[in-house]
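Some notes on the structure that comes next.
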Amino acid sequence: MANITMVSPSPTISQPSNVVLFFRYLRRNKGLALGVIILVALFLFTVIGLLVVNPKHAYPLSAGLKQPPSLKYPFGTDFFGRDLLAAMVVGMWQTAFIGLLAGGIGTLVGVVLGFTSAYFGGWIDAAVRTVCQILTPIPVLLIQVVVAGSLDKRDVTIFTMALIVAMLAWMGPTLVIRAQVMTMKERQFVAVAKLSGVSDMGIIFREILPNLLPFIAAAFVGQVFSAVFASFYLAVLGLGPLREPLLGNIIWAAQSQGAFFNGWWWWPLEPAFAMILILGALALVNMGLDELANPRVRRSE
C-alpha cells in the first residue's frame, strides 16, 4: 500500500492593519508625530478646560481687572475683566470651529470640482480652469479683508467669519485633486473597470476616490491651516467678532490697550504662544501627510 504524504498548508501571513501601519509611519516621521502630539494636547486642554472653567468668565466684567497670573487666575486677567484662562479655552474652541468648518467646506467643494472637471472634461473642465486662472493671482487676504471690512461689526459671528475664510478655500484642493484625477483616470485599472461596464460614479467612488484619500486628507489639513491663519489675521486687524474671545481678538485688544507698554505682558503673549502651537502643529501634520501621499518624497525604513 502506497504511503500518502500529507502536506500541511503553509501558514498565512496576516497583513498589518492600516492603524498599525500609520503608527509605524509615525515612528519614522518625527515631524508628523510631534504635530499629532501637540494637536492632541491642545484638544485635551480645550475639552478639559470646558469642563472645568466657566465659559462666561471669558467675557468682559467677569473677573478682576489687569490681574497678573496667580493661583486664582492662572493665566491672569485683561483690561476688560476677562479671565484669560477661560478666554483661551473658549477662544481655542472657536478658532478650531472656524478652521474645521472653513477647511471642510473648501476641501469638499474642491474635491467635487476637481473630480468633475478632470473626469468628465469638456466645457466643465474649461470653466473650472478658467475660474481658477482668474482668481488665483488675486491675493486671498485682500478679498477677505474687503469682505470682512464691508460688514457691520454687529453682523460678524463665528459662523460668518468661517464663511468669509471659506470663500476661496476651494481653489487649492480643486487644482490638486484635478491633477491627480487626470493622471489616475488613464491607469489600467480604470480602463478595465470601464470595459467591465462599471458606471462613472462606480469608477469615481470605488476605483479612484480610495486611492486619493491621502491627498484629500493632506488638502484638508492644509485648508484648516489656512483657515486658522486667516481667522487669526482678520481678528488681529479688528475685523472679527470683537466680543468673542478669539485668540486674534485677544491680541487685537491687547494691542489697542498698549498691554506691553503698561506691563501687562501676559495678555498678548499667551494667545500668541497658543497660535504658534496651533499653526506649527498643523504645518507639521500637513507636511507629514503630504510625504505620506507623495511616493517621490516618502521615506523608507
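Taking the condition among the hydroxyl-bearing types (Ser, Thr, Tyr), assigned to a helix (DSSP H, G or I), surrounded by 13 or more Cβ atoms within 10 Å (Cβ to Cβ) and modelled with pLDDT of 85 or more, does Thr160 pass? Yes; evaluated as a whole, the condition is true for this residue. The listed residues are Phe273, Phe232, and the only one of them that is aromatic (Phe, Trp, Tyr), open to solvent by 40 Å² or more (accessible area, probe 1.4 Å), in contact (Cβ under 8 Å) with a residue 24 or more places away in the chain and assigned to a helix (DSSP H, G or I) turns out to be Phe232. In the range 186-204, the residues that are among the aliphatic types (A, V, I, L, M) reach residues that are open to solvent by 50 Å² or more (accessible area, probe 1.4 Å) with C-beta atoms within less than 7 angstrom, at least six apart or across chains, in these pairs: Val190/Glu207; Ala193/Glu207; Ile203/Lys194. Annotation note: Cβ proximity below 8 Å between a residue of the range 62-76 that is at positive phi and a residue that is of a type in the set (Ser, Thr, Tyr) and open to solvent by less than 70 Å² (accessible area, probe 1.4 Å) (sequence gap 6+ or interchain) occurs for Lys66/Thr77; Gly76/Ser70.
Matching residues to (1) closer than 21 Å to Ile105 by Cα; (2) not aliphatic (A, V, I, L, M):
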site: Val156; (1), (2): yes, no
site: Thr160; (1), (2): yes, yes
site: Ile164; (1), (2): yes, no
site: Met171; (1), (2): yes, no
site: Leu175; (1), (2): yes, no
site: Gln180; (1), (2): yes, yes
site: Val198; (1), (2): no, no
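All of Leu213, Leu279, Leu242 fail the test of being hydrophobic (A, V, I, L, M, F, W, C), modelled with pLDDT under 90 and not in a loop (DSSP other than H, G, I, E, B), apart from Leu213. It is to be established whether one or more residues within the range 60-75 are at pLDDT 90 or above and within 27 Å of the chain's Cα centre (by Cα). Yes - at least one qualifying residue is present in the range 60-75. Of all the residues in the range 92-146, those that are under 14 Å from Phe229 (Cα atoms) and open to solvent by less than 40 Å² (accessible area, probe 1.4 Å) number 8. Among the residues here, Ile251 qualifies as farther than 24 Å from Met171 by Cβ, modelled with pLDDT of 90 or more and of a type outside the set (Asp, Glu).
Rundown of residues vs (1) of a type in the set (Val, Ile, Thr); (2) more than 22 Å from Ala58 (Cβ to Cβ); (3) in contact with an Asp or Glu (Cβ under 7 Å, 6 or more places away or on another chain), yes/no style:
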residue	(1), (2), (3)
Val192	yes, yes, no
Ser199	no, yes, no
Ala218	no, yes, yes
Ser226	no, yes, no
Phe232	no, no, no
Leu247	no, no, no
Gly263	no, yes, no
Leu269	no, no, no
Phe273	no, no, no
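Can you tell me which residue within the range 179-199, out of those that are more than 22 Å from Leu113 (Cα to Cα) and part of a loop (DSSP other than H, G, I, E, B), is least open to solvent (accessible area, probe 1.4 Å)? Restricting to residues being more than 22 Å from Leu113 (Cα to Cα) and part of a loop (DSSP other than H, G, I, E, B), the top hit is Gly197.
Flag set for Gly202, criterion: among the small types (Gly, Ala, Ser), over 30 Å from Ile143 (Cβ atoms) and either in a helix (DSSP H, G or I) or open to solvent by 30 Å² or more (accessible area, probe 1.4 Å) (or both).
Taking Ile251, is it free of Cβ contacts under 8 Å to residues at least 60 places away in the same chain and surrounded by 16 or more Cβ atoms within 10 Å (Cβ to Cβ)? In short, yes.
The values are calculated or read from the model by the stated rules, or taken from the named source; none is laboratory data. Remember, it's a predicted structure, so these values are computed and weren't measured experimentally. We place every Cβ from the backbone using ideal geometry, glycine too, and count neighbours over all the protein chains shown. All accessible areas refer to the heavy atoms of the entire protein, side chains included, with ligands and DNA or RNA removed. Shrake-Rupley method; radii C 1.70, N 1.55, O 1.52, S 1.80 Å.
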